[in-house]
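Worksheet: one structure, shown below.
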Amino acid sequence: MEDRILLAHGSGGKLGHDLIEKNFVPALGNPILNKLDDSAVFELCGRLSFTTDSYTVSPIFFPGGDIGKLAVCGTVNDLAMMGATPLYLSLSFIIEEGLPVTELEKIINSIYQAADEAGVKIVTGDTKVVNQGTADKLFINTSGIGIVPPKVNISGANAKPGDKVILNGNLGDHGIAVLSKRQGFEFNVPIESDCAPLNRLVSEILSTSVNLHCLRDPTRGGLATTLNELARQSNVGIKIDEASLPVNEAVQAACELLGFDPLYVANEGKLVAVVAPSDADKVLDRMRQNRYGTKASIIGEVVKEHPGKVTMKTLLGSSRIVDMLVGELLPRIC
Amino acid sequence: MCLAIPALVKSIDGQQAEVEIGGVTRQASIQLTPEVKVGDYVLLHTGYAINIIDPVEAEETLKLLRELSEVY
Amino acid sequence: MKFIDEYRNQELGKKLVDRIHHHSTKPIKLMEFCGGHTVAIFKQGIRQLLPKTIEMLSGPGCPVCVTANSDLDKAIALAHLPNVIITTFGDMLRVPGSYSSLQLAKAEGSDVRVVYSVQDAVSIARDNPDKSVIFIGIGFETTAPTIAASIQQAEQEGIDNYYVLSLHKLCPPIMKTILDMGEVRLDGIICPGHVSAIIGSHPYQFIPDDYVIACVVSGFEPLDILLSVDRLVNQIETEQPEVEIAYRRGVKPEGNQPALKLMDTVFEVSTANWRGIGPVPSSGLRLNQEYQQFDAENSFDIDPGLSREPEGCICGSILRGVSTPLDCKLFGKACTPVRPVGPCMVSSEGSCATYYHYGADYGG
């Protein structure tokens with residue numbers, strides 16, 4: 001068996017088939033995938049939720065995870081944010097020739113672990129191999145299908161003045177963990193990516209309250225961008241309290257070093273739940289019983305004022321606007 | 001201008017030091033603060049220690065802040 | 001975090017605010033010179049807490065904002081050369097020059113890399129001996145010594161493919177120039193904290209002596225800034241302007257001597273081109289004779305083209321404290337962070353970007 005992925009692995013020939021049969025199927029196999037037909041066939045009943053995402057993170061291995069785990073959790077979470085129960089994923093690889101097979105195997109194993117934890121099956125896939133220099137080691141695309149239970153109606157447009165805004169834990173872990181391994185930064189942080197599948201946390205919230213109005217995961221662009229999106233979609237204002245934002249000390253320190261604001265750093269295991277005030281406390285209690293919600297807290301509320309905008313009460317007690325992220329987060333000297 | 005934050009010097013090796021802030025550690029150059037010692041706090045700016053923090057003055061400032069906030 | 005958290009104490013902050021309200025009796029204009037202070041003031045929501053008697057103006061202390069288009073065009077022209085790796089601080093990446101930006105050059109295929117530290121630029125030069133690695137040197141006296149250190153390091157290691165395009169500028173000369181222009185009548189200046197860590201407080205003595213303006217060297221945490229405003233109000237109300245260091249843990253009156261010596265060894269003072277002001281003698285730094293081999297200015301043949309300023313952009317008068325971003329017809333309409341016309345909207349600490357991001361005038 002070759003120790004690196006070659007162009008031939010993606011050409012549909014014997015090498016490619018070997019890769020699928022000896023690496024992918026044993027790790028990810030299930031009755032649908034094992035058929036290795038041109039497409040997966042299955043029956044579903046109900047309102048379907050369908051999403052797709054591509055993953056290009058660099059480096060592909062980072063503290064707390066890798067691109068494989070991210071590819072599963074990210075898509076599972078997109079489904080979960082609509083209240084859907086995630087069921088099936090597709091998995092496409094675009095591999096840069098020369099990628100060591102051992103690295104691919106590690107990633108496939110991560111995919112298996114994440115899918116197993118989330119309770120989803122990979123039912124169809126594709127592999128392409130491209131010339132060196134045309135893909136940054138590995139890109140992954142996953143599409144996912146889930147079923148939205150009847151009566152569940154979650155949308156970014158449903159927030160109402162008076163609703164409470166709940167966050168399930170620390171901000172910025174993922175973005176800082178990834179950055180710490182990127183060439184040119186090289187700082188040591190005792191931080192791991194928070195990458196995690198949140199579908200079980202979501203179904204626990206749904207079983208606790210029928211007044212869950214919005215759910216969103218603050219990934220790229222951070223919490224600030226997500227809250228702005230919700231404020232615009234629902235045409236309401238959102239007020240948050242700086243003192244109540246949970247941030248790990250090391251993430252805070254790394255942000256100070258680089259000139260970042262934790263409000264804008266990516267998360268991959270966090271969600272924002274906008275809940276009617278009557279149910280906020282019981283939702284909070286329930287979330288805290290889940291391993292991905294132990295640090296859940298109410299960070300703000302929805303208001304009538306300044307529709308479409310987000311404001312924050314600062315540590316000094318004054319108020320300022322929290323805008324969306326513009327451009328990318330770049331370290332600054334000033 | 002400029003972002004510079006207080007970091008603790010954990011070890012020194014020639015013109016480089018390992019500094020730490022809030023659990024984050026990084027290599028930093030001490031070319032601009034050659035007299036720094038392990039245990040000092042420095043102002044870290046883009047990977048260089050640009051000054052040594054004076055802990056006595058830091059405490060004096062806090063004292064001043066407390067005094068001023070009591071007297072109008 | 002030590003030496004940070006203590007200066008974020010909410011209770012002390014609120015009391016200081018009350019004290020400032022109590023003592024400030026007449027309308028005064030204070031300028032925070034440094035872009036880092038502008039950001040801190042907005043981020044911490046300090047403006048709304050101050051009495052209406054105090055008007056805050058932002059000065060030209062944003063090294064990105066004051067970089068003239070002609071200089072930026074040089075950097076972009078260097079990026080287009082073959083076998084060149086441009087290394088830059090993140091601040092410069094998106095700033096529009098006359099025709100392009102480093103980010104656009106990168107998208108078009110130039111090798112442009114953002115670094116956190118100039119040491120990384122030296123490492124890149126070491127690792128790529130067949131390329132010319134050019135560092136775009138921006139920043140005031142806080143950063144210039146680090147660039148000087150990097151040049152000495154390259155010299156010691158025998159690295160001969162490392163170059164610096166020095167666009168470094170100096171604070172006290174431009175402060176004097178702005179005061180001489182007499183466009184704004186200031187009562188007090190919040191002096192830069194980390195520039196002063198290097199140059200000390202003596203270089204600002206001309207401000208109270210010749211212009212009768214109060215001066216306080218300030219740190220960046222909420223209590224630091226409030227303390228500085230309090231001290232300025234005190235100097236102004238008692239009519240005793242002087243240079244006071246409020247940021248005593250970080251700044252000594254004599255500054256950082258080793259850093260100053262290093263700057264002196266590598267650089268010499270020169271005329272610098274300031275956006276919105278023009279050429280100002282003795283306000284910039286260029287590599288001196290001994291270090292010419294590292295000078296990107298003279299080592300490459302480039303044609304940056306004729307530089308031009310964006311129409312309608314009033315960054316210049318904003319930098320001089322004469323206008324605020326709200327006075328600009330383009331602000332928030334044709335000029336936004338997504339589609340910036342001028343550098344004040346792009347730079348993370350530019351006045352316009354700060355006003356836009358933090359909602360200037362948002363009263364809560």
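If you check C:I136, C:I124, which single one turns out to be within 11 Å of another protein chain (Cβ to nearest Cβ) and either surrounded by fewer than 18 Cβ atoms within 10 Å (Cβ to Cβ) or touching a residue at least 24 places away in the same chain (Cβ under 8 Å) (or both)?
Numbers: C:I136 fails: within 11 Å of another protein chain (Cβ to nearest Cβ).
Step by step, each of C:I136, C:I124 is checked, and only C:I124 is within 11 Å of another protein chain (Cβ to nearest Cβ) and either surrounded by fewer than 18 Cβ atoms within 10 Å (Cβ to Cβ) or touching a residue at least 24 places away in the same chain (Cβ under 8 Å) (or both).
Does region B:10-26 include one or more residues that are under 14 Å from the mean Cα position of the chain (by Cα), touching a residue at least 40 places away in the same chain (Cβ under 8 Å) and outside any strand (DSSP E or B)?
No: region B:10-26 contains no residue that is under 14 Å from the mean Cα position of the chain (by Cα), touching a residue at least 40 places away in the same chain (Cβ under 8 Å) and outside any strand (DSSP E or B).
A quick yes/no check of all residues on (1) within 14 Å of chain B (Cβ to nearest Cβ); (2) of a type in the set (K, R); (3) closer than 21 Å to C:N161 by Cα:
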| position | (1), (2), (3) |
| --- | --- |
| C:H80 | no, no, yes |
| C:T87 | yes, no, yes |
| C:G97 | no, no, no |
| C:S101 | no, no, no |
| C:L104 | no, no, no |
| C:V118 | yes, no, yes |
| C:D130 | no, no, yes |
| C:F140 | yes, no, no |
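Is it true that C:S196 is closer than 18 Å to C:G284 by Cα, polar (S, T, N, Q) and touching a strand residue (DSSP E or B) at 6+ places or on another chain (Cβ under 8 Å)? Steps first, please.
Numbers: closer than 18 Å to C:G284 by Cα: yes; polar (S, T, N, Q): yes; touching a strand residue (DSSP E or B) at 6+ places or on another chain (Cβ under 8 Å): yes.
So C:S196 passes the test.
Counting only residues that are buried (at least 19 other Cβ atoms within 10 Å of the Cβ), charged (D, E, K, R) and in contact (Cβ under 8 Å) with a residue 40 or more places away in the chain, which one in region A:302-324 is farthest from the other protein chains (Cβ to nearest Cβ)?
A:K309
Given C:M1, C:M56, which one is among the hydrophobic types (A, V, I, L, M, F, W, C), surrounded by fewer than 22 Cβ atoms within 10 Å (Cβ to Cβ) and part of a loop (DSSP other than H, G, I, E, B)?
Values: C:M56 fails: part of a loop (DSSP other than H, G, I, E, B).
On inspection, the qualifying residue turns out to be C:M1.
Considering only region A:264-289, state which residues are farther than 20 Å from A:L198 by Cβ and crowded, with 23+ Cβ neighbours inside 10 Å. Steps first, answer last, please.
Filtering region A:264-289 down to residues farther than 20 Å from A:L198 by Cβ leaves A:264, A:276-278, A:281.
Answer for region A:264-289, where residues must be farther than 20 Å from A:L198 by Cβ and crowded, with 23+ Cβ neighbours inside 10 Å: just A:Y264.
State the number of residues belonging to region A:207-230 that are in a helix (DSSP H, G or I), among the hydroxyl-bearing types (S, T, Y) and within 16 Å of the chain's Cα centre (by Cα).
In the first step, residues of region A:207-230 are kept if they are in a helix (DSSP H, G or I); the result is A:207-208, A:222-230.
This time we only want the ones that are among the hydroxyl-bearing types (S, T, Y), so: A:207-208, A:225-226.
Then keep just the ones that are within 16 Å of the chain's Cα centre (by Cα); that gives A:225-226.
Looking only at that region, the number is 2.
Going through region A:163-191 one residue at a time, which ones are assigned to a loop (DSSP other than H, G, I, E, B), over 14 Å from the mean Cα position of the chain (by Cα) and closer than 22 Å to C:V114 by Cβ?
A:S180, A:K181, A:R182, A:Q183, A:G184, A:F185, A:E186, A:F187, A:V189, A:I191 - these are the residues of region A:163-191 that are assigned to a loop (DSSP other than H, G, I, E, B), over 14 Å from the mean Cα position of the chain (by Cα) and closer than 22 Å to C:V114 by Cβ.
What are the pairs with Cβ atoms under 8 angstrom where one residue, in region C:343-364, is closer than 20 Å to A:L258 by Cα and the other, located anywhere, is basic (K, R) and modelled with pLDDT of 85 or more? Sequence gap at least six, or different chains.
Here the result reads C:V346/C:R94; C:Y358/A:R320; C:Y358/C:K43, each pair linking region C:343-364 to a residue that is basic (K, R) and modelled with pLDDT of 85 or more.
Is it the case that A:N168 is outside the structural domain of A:H17 (by TED's automatic domain parsing), touching a strand residue (DSSP E or B) at 6+ places or on another chain (Cβ under 6 Å) and crowded, with 19+ Cβ neighbours inside 10 Å? Please lay out each step first, then the result.
Details: outside the structural domain of A:H17 (by TED's automatic domain parsing): yes; touching a strand residue (DSSP E or B) at 6+ places or on another chain (Cβ under 6 Å): no; crowded, with 19+ Cβ neighbours inside 10 Å: yes.
Against the criterion (outside the structural domain of A:H17 (by TED's automatic domain parsing), touching a strand residue (DSSP E or B) at 6+ places or on another chain (Cβ under 6 Å) and crowded, with 19+ Cβ neighbours inside 10 Å), A:N168 does not qualify.
What number of residues in region C:249-295 are buried (at least 21 other Cβ atoms within 10 Å of the Cβ), of a type outside the set (G, A, S) and in a loop (DSSP other than H, G, I, E, B)?
Of the residues in region C:249-295, 4 are buried (at least 21 other Cβ atoms within 10 Å of the Cβ), of a type outside the set (G, A, S) and in a loop (DSSP other than H, G, I, E, B).
If you check every pair at least six apart or on different chains, which have Cβ atoms under 7 Å apart with a residue in region A:268-292 that is in the same structural domain as A:L206 (by TED's automatic domain parsing) first and a residue that is of a type in the set (S, T, Y) and buried (at least 23 other Cβ atoms within 10 Å of the Cβ) second?
A:E268/A:S193; A:V272/A:T226
Could you please let me know if C:V66 is under 27 Å from A:P262 (Cα atoms) and either crowded, with 20+ Cβ neighbours inside 10 Å or at pLDDT 95 or above (or both)? Walk me through it before giving the result.
Values: under 27 Å from A:P262 (Cα atoms): no; either crowded, with 20+ Cβ neighbours inside 10 Å or at pLDDT 95 or above (or both): yes.
Criteria not met by C:V66.
I'd like to know if region B:43-55 contains one or more residues that are farther than 26 Å from C:G61 by Cα, within 7 Å of another protein chain (Cβ to nearest Cβ) and without any contact (Cβ under 8 Å) to a residue 24 or more places away in the chain.
Start the filter on region B:43-55 by keeping residues that are farther than 26 Å from C:G61 by Cα, which leaves B:55.
Next, from what is left, pick out any that are within 7 Å of another protein chain (Cβ to nearest Cβ): none.
For region B:43-55, residues farther than 26 Å from C:G61 by Cα, within 7 Å of another protein chain (Cβ to nearest Cβ) and without any contact (Cβ under 8 Å) to a residue 24 or more places away in the chain: absent.
For B:E59, are the conditions met, namely being more than 7 Å from every other protein chain (Cβ to nearest Cβ) and not in a loop (DSSP other than H, G, I, E, B)? Steps first, answer last, please.
Numbers: more than 7 Å from every other protein chain (Cβ to nearest Cβ): yes; not in a loop (DSSP other than H, G, I, E, B): yes.
When the stated conditions are applied, B:E59 passes them.
When C:D91 is evaluated against the numbered criteria (1) in a helix (DSSP H, G or I); (2) within 17 Å of C:W274 (Cβ to Cβ); (3) modelled with pLDDT of 90 or more, which criterion, by number, is the only one it fails?
All conditions pass for C:D91, except number (3).
With a cut-off of at least 2 residues that are of a type in the set (V, I, T), name the strands (runs of 3 or more DSSP E) lying wholly within region A:256-334.
Correct list: A:272-275, A:297-303, A:310-313.
Which one is modelled with the highest pLDDT, of the residues in region A:29-85 that are basic (K, R) and more than 15 Å from A:I111 (Cβ to Cβ)?
Initially, region A:29-85 is screened for residues basic (K, R), giving A:35, A:47, A:69.
Cutting the leftovers down to more than 15 Å from A:I111 (Cβ to Cβ) gives us A:35, A:47.
Numbers: A:K35: 84, A:R47: 96.
Applying the filter and picking the extreme gives A:R47.
Return a yes/no flag: does region A:197-214 have any residue that is surrounded by 24 or more Cβ atoms within 10 Å (Cβ to Cβ) and of a type in the set (V, I, T).
Within region A:197-214, one or more residues are surrounded by 24 or more Cβ atoms within 10 Å (Cβ to Cβ) and of a type in the set (V, I, T).
With the checklist (1) away from chain A (no Cβ under 14 Å); (2) part of a helix (DSSP H, G or I); (3) touching a Ser or Thr at 6+ places or on another chain (Cβ under 8 Å) in hand, flag the one item C:Y356 doesn't pass.
Looking at each condition in turn, C:Y356 falls short on (1).
Search region C:2-24 for residues being facing another protein chain (nearest Cβ under 7 Å) and touching a Pro at 6+ places or on another chain (Cβ under 7 Å), and hand back the single one that is farthest from C:E221 (Cα to Cα). Talk me through it step by step, then tell me what you get.
Residues of region C:2-24 that are facing another protein chain (nearest Cβ under 7 Å), as a first pass: C:2-4, C:6, C:8, C:10, C:12-16, C:19, C:22.
Pick out the ones that are also touching a Pro at 6+ places or on another chain (Cβ under 7 Å) and you get C:2-4, C:8, C:13.
Details: C:K2: 12, C:F3: 10, C:I4: 7, C:R8: 6, C:G13: 10 Å.
The residue in question is C:K2.
Exactly one condition in (1) at pLDDT below 95; (2) surrounded by fewer than 23 Cβ atoms within 10 Å (Cβ to Cβ) is not met by A:V189; state its number.
Every condition holds for A:V189 apart from (2).
For region C:35-45: of the residues being within 8 Å of chain A (Cβ to nearest Cβ) and out of contact with any helix residue (DSSP H, G or I) (no Cβ under 6 Å at 6 or more places or on another chain), which is nearest to C:K169 (Cα to Cα)?
Taking the candidates together, the pick is C:G35.
If you take the residues in region A:325-334 that are at the interface with another protein chain (Cβ under 7 Å from one of its Cβ atoms) and of a type outside the set (A, V, I, L, M, F, W, C), which one is surrounded by the fewest Cβ atoms within 10 Å (Cβ to Cβ)?
Checking each candidate, the answer is A:G327.
Please go through (1) under 30 Å from C:V212 (Cβ atoms); (2) of a type in the set (A, V, I, L, M, F, W, C); (3) over 18 Å from the mean Cα position of the chain (by Cα); (4) surrounded by fewer than 21 Cβ atoms within 10 Å (Cβ to Cβ) for C:I46 and return the number of the only condition it doesn't satisfy.
(4)
With C:S347, C:S317 as the choices, which residue is modelled with pLDDT under 90, surrounded by fewer than 18 Cβ atoms within 10 Å (Cβ to Cβ) and polar (S, T, N, Q)? Lay out the reasoning, then the answer.
Details: C:S347 fails: surrounded by fewer than 18 Cβ atoms within 10 Å (Cβ to Cβ).
Only one candidate passes the filter, namely C:S317.
Just a yes or no: is a residue in region A:126-133 assigned by TED's automatic domain parsing to the domain that holds A:L15 and either among the basic types (K, R) or within 17 Å of the chain's Cα centre (by Cα) (or both)? Before the answer, list the steps.
Of the residues in region A:126-133, the ones assigned by TED's automatic domain parsing to the domain that holds A:L15 are A:126-133.
Next cut, either among the basic types (K, R) or within 17 Å of the chain's Cα centre (by Cα) (or both) only: A:128.
For region A:126-133, residues assigned by TED's automatic domain parsing to the domain that holds A:L15 and either among the basic types (K, R) or within 17 Å of the chain's Cα centre (by Cα) (or both): present.
The values are calculated or read from the model by the stated rules, or taken from the named source; none is laboratory data. Given the structure is predicted, the values throughout are model-derived calculations rather than measurements. Cβ: placed from backbone, ideal geometry, glycine included. Neighbour counts: every protein chain shown.
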